[in-house]
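The values are calculated or read from the model by the stated rules, or taken from the named source; none is laboratory data. Nothing here was measured: the structure is a model prediction, and the numbers come from that model. All Cβ positions, even for glycine, are placed from backbone atoms using ideal geometry, and neighbour counts span all protein chains on display. For accessibility, only protein heavy atoms count, side chains too; no ligands or nucleic acids. Shrake-Rupley method; radii C 1.70, N 1.55, O 1.52, S 1.80 Å.
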Amino acid sequence: MSGSPAVVMRLVASAFSVAERAGEIVRKVLHSGELGIVEKTGANDLQTLADRLAQQSICASLARRFPKVTIIGEEDLPSEEVSEDLIESGQSEEILQKTCPVELSGITEEELVVWVDPLDGTKEYTEGLLDNVTVLIGIAHAGRAIAGVINQPFFNYQLGPGAHLGRTLWGMPGLGAFGFQLQEAPGDRRVVTTTRSHSNKVVTDCVEAMEPHQVVRVGGAGNKIIQLIEGRATAYVFASPGCKKWDTCAPEAILHAVGGKLTDMHNRPYRYHADVKHMNSTGVLATLRHHEDYASRVPASVLQALKCD
């Protein structure tokens, strides 16, 4: 590739390093034992010191290098000076060396939107279910998720002391996905991953309608997409308005990069323009393969409960 890397490649390269720094912050807060937990809207909607510091680090670091990019973070934080020790200025050289997909090569900073979930799976984080926790940085253009970075701060934590903790996955449709080994669950089994803490009758009815051989209940949207791409599930089914754009942008981009699909329960794509509402109010259906089959199984009662806007 001649000349300077395309803006989007530089942004992804920065997001990779920034996500790794955020993962370090998340680990450091946990190890300190001072989680600083506050309830946002209830016991299932928590915020910790790790959420706050990680978002400050991600947003301030990216804004400093890419001041014209729109950055939207999950946490509603007061505007304040961010400590220099939270700023990450590194970029992944491996990503910078890759060739940008032609259709993305001319994108400018002003056209890009970054969706940030600094700690996806906060409730699980506070409960010690550390494999559920991810840091999500999604990049969108023209309403479409075009790149995603997922850091798992505690990957390998169950191996005990001395294990190398953490890994970072990333992907771009048209370029591929990296940082993990793509695997498909056996094609003759339907394994549905869904929420462990935000269930209700509509969610349960939809899962049952898929006629799953197995149901995997885990926390975090990022974690559920990892279940798909590493072969532990065949569909992510969440018939509820609980998910937000920062939960799905990064995972969707990585899923699309390996040929998967993410829609709402009506089988419509989500859009990630800067001015869209944050709530994914018509649920989430994600698959690596056979998306239309799963979509066809969604009951009319669920579609009615999750009316199209």
For residues that are open to solvent by 10 Å² or more (accessible area, probe 1.4 Å) and outside any loop (DSSP other than H, G, I, E, B), scanning just region 133-164, find the one that is nearest to Thr193 (Cα to Cα).
Gln152
Do you know which residues across region 69-87 are open to solvent by less than 50 Å² (accessible area, probe 1.4 Å), more than 22 Å from Arg271 (Cα to Cα) and either of a type in the set (Phe, Trp, Tyr) or not in a loop (DSSP other than H, G, I, E, B) (or both)?
Leu86
Testing Tyr236 on (1) assigned to a strand (DSSP E or B); (2) in contact with a Lys or Arg (Cβ under 7 Å, 6 or more places away or on another chain); (3) within 23 Å of Lys28 (Cα to Cα), one condition comes back false. Which one is that?
(3)
Selection within region 1-34 - open to solvent by less than 30 Å² (accessible area, probe 1.4 Å) and in a loop (DSSP other than H, G, I, E, B)
Ala6
Could you list, in sequence order, all residues of region 88-119 that are within 14 Å of Gly143 (Cα to Cα), under 21 Å from the mean Cα position of the chain (by Cα) and open to solvent by 10 Å² or more (accessible area, probe 1.4 Å)?
Glu111, Val113
Within region 119-134, how many residues are within 17 Å of Glu34 (Cβ to Cβ) and either in contact with a His (Cβ under 7 Å, 6 or more places away or on another chain) or not hydrophobic (A, V, I, L, M, F, W, C) (or both)?
5
Total residues in region 217-233, condition assigned to a helix (DSSP H, G or I), of a type in the set (A, V, I, L, M, F, W, C) and out of contact with any Asp or Glu (no Cβ under 6 Å at 6 or more places or on another chain):
4
Scan region 201-216 for residues that are crowded, with 19+ Cβ neighbours inside 10 Å, in contact (Cβ under 8 Å) with a residue 60 or more places away in the chain and not in a helix (DSSP H, G or I) and jot them down.
Met210
Return yes when Val29 is among the hydrophobic types (A, V, I, L, M, F, W, C), touching a residue at least 24 places away in the same chain (Cβ under 8 Å) and more than 17 Å from Ile146 (Cβ to Cβ) and no when it is not.
yes
Answer from Ser57, Ser2 - the residue that is of a type in the set (Gly, Ala, Ser) and modelled with pLDDT under 95:
Ser2
So, in region 35-54, of the ones that are in a loop (DSSP other than H, G, I, E, B) and surrounded by fewer than 22 Cβ atoms within 10 Å (Cβ to Cβ), which residue ends up modelled with the lowest pLDDT?
Ala43
Among (1) at pLDDT 95 or above; (2) open to solvent by 10 Å² or more (accessible area, probe 1.4 Å); (3) within 22 Å of Gly128 (Cα to Cα), Trp246 falls short only on (3)
Could you count how many residues in region 239-283 are in a loop (DSSP other than H, G, I, E, B) and of a type in the set (Lys, Arg)?
3
Just name the residue that is farthest from Ala140 (Cα to Cα) out of those in region 165-200 that are open to solvent by 50 Å² or more (accessible area, probe 1.4 Å) and of a type in the set (Lys, Arg).
Arg189
Taking region 273-309 as the search range and keeping residues that are over 29 Å from Glu110 (Cα atoms) and charged (D, E, K, R), which one is most open to solvent (accessible area, probe 1.4 Å)?
Lys307
